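This report refers to the structure that appears directly beneath it.
The values are calculated or read from the model by the stated rules, or taken from the named source; none is laboratory data. Just so it is clear, the model here is predicted, and its values are computed rather than measured. Positions of Cβ are backbone-derived with ideal geometry, glycine not excepted, and every protein chain shown enters the neighbour counts. These area figures cover heavy atoms from the full protein model, side chains too; ligands, DNA and RNA do not enter into them. Shrake-Rupley method; radii C 1.70, N 1.55, O 1.52, S 1.80 Å.
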Amino acid sequence: MFHRRHIGPGAALVAVVGFLAGTAASVAEPPALPPATKKKVDFVTDIKPLLTTHCHKCHGPSKQEGGLRLDRRDEALNGGDSGPAFVSGKSAESLLIKYVAGVDPDVLMPPEGDKFSDEQIGLLRGWIDQGVDWPKDDKTAGDQRAAHWSFQPVRASKPPVSKVAIRHPVDAFVSDALVSRGLTPSPEADRATLIRRLSLDLLGLPPRPEETAEFLGDERPDACERLLDRLLASPHFGERWGRHWLDLARYADSDGYEKDLPRPHAWRWRDWVIEAFNRDLPFDQFTVEQLAGDLLPGATLDQRIATGFHRNTLTNKEGGADKKEDRDKQLVDRTNTTGAVWLGLTVGCAQCHSHKYDPISHREYYQLYAFFNAAIEQDIPVATAAQLEQHARLKAVHDVARQPLAEAVRQYLEAKPADALAALNPKDKEKLDPELQKREAALAKFDAAGPKPPADLAMILSESAKPSPTNIHVRGDFLRPGAEVQPAGLSVLNPLKVGGASSEGERPSAAGSRPNRLDLARWIVDESNPLTRRVAVNRIWQHLFGRGLVDPPDDFGTQGARSSHPELLDWLAAELPRRGWSRKELIRLIATSATYRQSSRTRAEFNTIDPKNVWLARQNRFRLEGEIVRDLALSVSGLLDDRVGGESIRPPLPSGVADLGYAGSVKWSESKGGDRYRRGCYIFFQRTVPYPLLMTFDSSDSNVSCARRERSNTPLQSLTLLNDPAFFECARAFGTRLDREVTGDPTTRSREAFRWTTGRELDLAELETLVRLYEETRRQLQRQPNDATAIVAGAITPSGSAVDLAASIAFSRILLNLDEFFTRE
């Protein structure tokens, strides 16, 4: 049997040129197709071996050229970037046959190695003409990537039985891992450390001295549980844990790109997040409302506001920007972010080609993309109850004040004959009846100056009545549309259900059965989805220990790390829905364990056996985020305004920073009054010129989803704590408070100041060091009174000397720069 020769583009060009030149050269006719076999074709014995031998190298588990995969039934039937590979009953029209037969002179498959014989092509044609019979239960050459641990069902194994009496299930799992490695857990942290740890982890604020004293004196066996309940019920819980979610959602207060215009209404969605955490909105509903709150039956205003999650994409409003290109970038971002936040997968790697490592095809990427292609952006009016009430009050006052003007118009009109009034049009009024025009103008001017209804907006998504078709983007290029696709999930995970029926990634057949974002959201939180719960509980663990059970937390795929404690991860993942998807309940569960309450002190054996504390023989000690460092300083200084929710703030900004924005586009008007001292989670985040304090302490950049902030240790951080205007203002307020509230010698003042900043008592050596520091600072300022005057400038000077106050301020400035102050033990 002879094999067809591949005709390259060079040969084809010569033929065309010869024809156009009128020479004898001619283009060869395409070869005739071998006839289809008449025998009954069996997929397993006749077709599968052909595909395995000739096709899987380029269209199999490790590579999917052109988006085509031929080792798995559903993906093979879907086809590739150019459309279906074969059309049932029509082999002559099928791309697969055309390519293997060399009908297209530029394409002959496979490009290397043995080609298909006429007899083999006849088998393929017969199989297609006979209906493409491919058994659903066929175990093909398979994708070993689908066997990866994270794609397997969650297994809720029972906590292991330990020889040592262990009451808490979390401790049972951890102890089992420690014993097998010759490690022993650390003792429980002292109570002062424990209350500070819990306060920082749950609220992002330090405990007040009186709260610490009360906890230290509480001898009840459930004192820690009582403390936990109080912290979880605090409105500041939503601020702390909501900020974690804002990182994932790439929240910002501006559009991004060069102009980076502000988004004055973005904070509405941030408020929704904070409130959702505070009322412990179950995580499954929390997910559904953000992805598809507008599609819920009888959707409330809050549920529609929740869809602002995906309004956090960058928006290009530059002159000459291509709107279609910008929308494509937004849809790509929404697709990638959804995959990363809820599934812990690098879905974005399949944007240009099938994923090189995970079982996510190029086609499946655009099936997810299609869900968001059906959504449109809207800004809807919204007003708080307080705003509506205030408007009603102002309008009532205005209505009373307008009565005399309205009465003047009415009385004047009553003196006019009806026919005369009818003859007057607007232009005639001014010419023929200036008095009437004057009175009506006065009334109109008064009304125009009256109170306006609240004009606040919320940024949401809503579903298009006529969704645009979605095509695969060949090589990720939106200008190169490939085959059309329908919305669907990932075939490696649980089937996506539409109206109670499973679509299994296939194109819906019935009219009106197109899956939408609500179907997507329910697919994500379906308990048969093996990823969502694992990813969610891993993040909770990360925020309570500084490191996840899966680390890094944003890749549960084949290139990510396996869980350090797989049985514990799955047990927690099973507990989440069992506890009503309550994150507060899961936090309470973990925080009541002895594993969480351990001391963070290291031991010599850790350095050789477990330097990264993977096996949890102690707690982790780590620096806090920039927002929390600022919150701590505001809190101990007495400046903190702890109102929850509301518009973004603009605290003092170092000079020259705003000038870095494009063409003066950054308008940074410092907030006044209490707004200046509100928590860091409310700081206005300008994407092109982010608040420098936050970036110095490794804040996320808000351009892409951030599952874990990095933690650096640089001299710039210390310089910021010493010299940043916001921190110096805190030091000045702290020193003033110390000078005002603590009387006595330097020893008493040092003890109190240290207790306020760290929550613990000084030992003797530390006390002597601080007293000496305070006294030396005071003596230096006595010798340099001008420095003392400069330090206290702007402070409320008490009856004492400026030197005493300046010494307290300088002393406070050092305490706010202590490693222990901005570190969570």
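Quick one: count up the residues across the stretch 366-386 that are closer than 30 Å to residue 330 by Cβ and at pLDDT below 90.
Residues in the stretch 366-386 being closer than 30 Å to residue 330 by Cβ and at pLDDT below 90: 3 in total.
Would you mind finding the one in 275, 225, 239, 289 that is modelled with pLDDT of 95 or more, within 24 Å of residue 578 (Cα to Cα), among the acidic types (Asp, Glu) and buried (at least 22 other Cβ atoms within 10 Å of the Cβ)?
One residue alone meets the criteria, 289.
For every residue, the table says whether it meets (1) modelled with pLDDT of 95 or more; (2) open to solvent by 30 Å² or more (accessible area, probe 1.4 Å); (3) not hydroxyl-bearing (Ser, Thr, Tyr).
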{"site": "529", "(1), (2), (3)": "yes, no, yes"}
{"site": "544", "(1), (2), (3)": "yes, no, yes"}
{"site": "550", "(1), (2), (3)": "yes, no, yes"}
{"site": "561", "(1), (2), (3)": "no, yes, yes"}
{"site": "576", "(1), (2), (3)": "yes, no, yes"}
{"site": "585", "(1), (2), (3)": "yes, yes, yes"}
{"site": "590", "(1), (2), (3)": "yes, no, yes"}
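Do we have residue 769 as over 30 Å from residue 547 (Cα atoms), over 44 Å from the mean Cα position of the chain (by Cα) and touching a residue at least 24 places away in the same chain (Cβ under 8 Å) here?
So residue 769 fails the test.
Is there any pair with a first residue in the stretch 317-341 that is modelled with pLDDT of 95 or more and outside any loop (DSSP other than H, G, I, E, B) and a second that is charged (D, E, K, R) and open to solvent by 40 Å² or more (accessible area, probe 1.4 Å) whose Cβ atoms are under 7 Å apart and which are 6 or more apart or on different chains, and what are they?
Once the first residue is modelled with pLDDT of 95 or more and outside any loop (DSSP other than H, G, I, E, B) and sits in the stretch 317-341, its partners that are charged (D, E, K, R) and open to solvent by 40 Å² or more (accessible area, probe 1.4 Å) give 340/554.
So residue 40 fits all but one of (1) assigned to a helix (DSSP H, G or I); (2) loosely packed, with under 13 Cβ neighbours inside 10 Å; (3) modelled with pLDDT of 85 or more; what number is the exception?
(1)
Looking at 655, 635, which one is more than 18 Å from residue 202 (Cα to Cα) and of a type in the set (Ser, Thr, Tyr)?
Selected residue: 655, the only one of 655, 635 that is more than 18 Å from residue 202 (Cα to Cα) and of a type in the set (Ser, Thr, Tyr).
Residue 150 - would you say it is surrounded by 14 or more Cβ atoms within 10 Å (Cβ to Cβ), modelled with pLDDT of 95 or more, in contact with a strand residue (DSSP E or B) (Cβ under 8 Å, 6 or more places away or on another chain) and within 25 Å of residue 565 (Cα to Cα)? Give the derivation first.
Values: surrounded by 14 or more Cβ atoms within 10 Å (Cβ to Cβ): yes; modelled with pLDDT of 95 or more: yes; in contact with a strand residue (DSSP E or B) (Cβ under 8 Å, 6 or more places away or on another chain): no; within 25 Å of residue 565 (Cα to Cα): yes.
No, not satisfied.
Considering every residue within the stretch 218-239, establish whether at least one is closer than 26 Å to residue 290 by Cα and touching a Cys at 6+ places or on another chain (Cβ under 8 Å).
yes
Among the residues in the stretch 299-310, are any hydrophobic (A, V, I, L, M, F, W, C), touching a helix residue (DSSP H, G or I) at 6+ places or on another chain (Cβ under 7 Å) and surrounded by fewer than 20 Cβ atoms within 10 Å (Cβ to Cβ)?
Within the stretch 299-310, one or more residues are hydrophobic (A, V, I, L, M, F, W, C), touching a helix residue (DSSP H, G or I) at 6+ places or on another chain (Cβ under 7 Å) and surrounded by fewer than 20 Cβ atoms within 10 Å (Cβ to Cβ).
Just give me the residues in the stretch 460-471 being surrounded by 20 or more Cβ atoms within 10 Å (Cβ to Cβ) and touching a Ser or Thr at 6+ places or on another chain (Cβ under 9 Å), in sequence order. Steps first, please.
Here is the first cut: in the stretch 460-471, the residues surrounded by 20 or more Cβ atoms within 10 Å (Cβ to Cβ) are 460-461, 470.
Of everything in the stretch 460-471, those that are surrounded by 20 or more Cβ atoms within 10 Å (Cβ to Cβ) and touching a Ser or Thr at 6+ places or on another chain (Cβ under 9 Å) turn out to be 460, 461.
Could you say which residue among 555, 610 is touching a Lys or Arg at 6+ places or on another chain (Cβ under 8 Å) and of a type in the set (D, E, K, R)?
Answer to the selection: 610.
Can you find even one residue in the stretch 334-344 that is over 12 Å from residue 490 (Cα atoms), more than 17 Å from the chain's Cα centre (by Cα) and either surrounded by fewer than 18 Cβ atoms within 10 Å (Cβ to Cβ) or not β-branched (Val, Ile, Thr) (or both)?
Taking the stretch 334-344 first, the residues over 12 Å from residue 490 (Cα atoms) are 334-338, 340-342, 344.
Retained after the next criterion (residues that are more than 17 Å from the chain's Cα centre (by Cα)): none.
No, there is no match, as no residue in the stretch 334-344 is over 12 Å from residue 490 (Cα atoms), more than 17 Å from the chain's Cα centre (by Cα) and either surrounded by fewer than 18 Cβ atoms within 10 Å (Cβ to Cβ) or not β-branched (Val, Ile, Thr) (or both).
Looking at this structure, is residue 449 open to solvent by 10 Å² or more (accessible area, probe 1.4 Å) and either closer than 30 Å to residue 267 by Cα or touching a Gly at 6+ places or on another chain (Cβ under 8 Å) (or both)?
Yes; evaluated as a whole, the condition is true for this residue.
Whether any residue in the stretch 687-707 is touching an Asp or Glu at 6+ places or on another chain (Cβ under 7 Å) and in a helix (DSSP H, G or I) is what I want to check.
Looking for residues that are touching an Asp or Glu at 6+ places or on another chain (Cβ under 7 Å) and in a helix (DSSP H, G or I), one finds at least one in the stretch 687-707, hence yes.
Does residue 119 satisfy being in a helix (DSSP H, G or I), in contact (Cβ under 8 Å) with a residue 40 or more places away in the chain and open to solvent by 80 Å² or more (accessible area, probe 1.4 Å)?
Yes, satisfied.
Considering the stretch 87-99 alone, what residues qualify as being surrounded by fewer than 23 Cβ atoms within 10 Å (Cβ to Cβ) and within 18 Å of residue 56 (Cβ to Cβ)?
Once the filter is applied, which keeps residues that are surrounded by fewer than 23 Cβ atoms within 10 Å (Cβ to Cβ) and within 18 Å of residue 56 (Cβ to Cβ), the stretch 87-99 yields 95, 99.
Does residue 281 meet the test of being part of a loop (DSSP other than H, G, I, E, B) and of a type in the set (A, V, I, L, M)? Full working, then the answer.
Details: part of a loop (DSSP other than H, G, I, E, B): yes; of a type in the set (A, V, I, L, M): yes.
Answer is yes for this residue.
Considering only the stretch 642-680, state which residues are part of a loop (DSSP other than H, G, I, E, B), open to solvent by less than 60 Å² (accessible area, probe 1.4 Å) and either under 15 Å from residue 262 (Cα atoms) or touching a Ser or Thr at 6+ places or on another chain (Cβ under 7 Å) (or both). Spell out how you get there, then give the answer.
From the stretch 642-680, those part of a loop (DSSP other than H, G, I, E, B) are 642-648, 650-657, 661, 665-672, 678-679; that's our starting set.
From the residues that got through so far, the ones that are open to solvent by less than 60 Å² (accessible area, probe 1.4 Å) too are 645-646, 648, 650-654, 656-657, 661, 665-666, 668, 671, 678-679.
Residues satisfying the conditions are 648, 650, 651, 661, 665, 666, 668.
Against the definition (under 22 Å from residue 363 (Cα atoms) and touching a residue at least 24 places away in the same chain (Cβ under 8 Å)), how does residue 110 come out, yes or no?
Numbers: under 22 Å from residue 363 (Cα atoms): yes; touching a residue at least 24 places away in the same chain (Cβ under 8 Å): yes.
For residue 110, the condition - under 22 Å from residue 363 (Cα atoms) and touching a residue at least 24 places away in the same chain (Cβ under 8 Å) - is met.
Out of all the residues in the stretch 67-79, which are open to solvent by less than 20 Å² (accessible area, probe 1.4 Å), more than 14 Å from residue 43 (Cα to Cα) and either in a loop (DSSP other than H, G, I, E, B) or modelled with pLDDT of 85 or more (or both)? Show your work before the answer.
Step one: of the stretch 67-79, the residues open to solvent by less than 20 Å² (accessible area, probe 1.4 Å) are 67, 69-71, 75-76, 79.
Adding the requirement that they be more than 14 Å from residue 43 (Cα to Cα) leaves 67, 69, 75, 79.
Listed by number, the residues that qualify are 69, 79.
Mind telling me which of the residues 245, 269 ends up being in contact (Cβ under 8 Å) with a residue 60 or more places away in the chain, buried (at least 17 other Cβ atoms within 10 Å of the Cβ) and either among the β-branched types (Val, Ile, Thr) or part of a helix (DSSP H, G or I) (or both)?
Exactly one residue qualifies, and that residue is 269.
On the basis of being without any contact (Cβ under 8 Å) to a residue 60 or more places away in the chain and open to solvent by less than 20 Å² (accessible area, probe 1.4 Å), does residue 624 make the cut?
No.
Restricting attention to the stretch 775-820, which residues are surrounded by fewer than 21 Cβ atoms within 10 Å (Cβ to Cβ), hydrophobic (A, V, I, L, M, F, W, C) and either at pLDDT 95 or above or under 37 Å from the mean Cα position of the chain (by Cα) (or both)?
Within the stretch 775-820, 814, 818 qualify.
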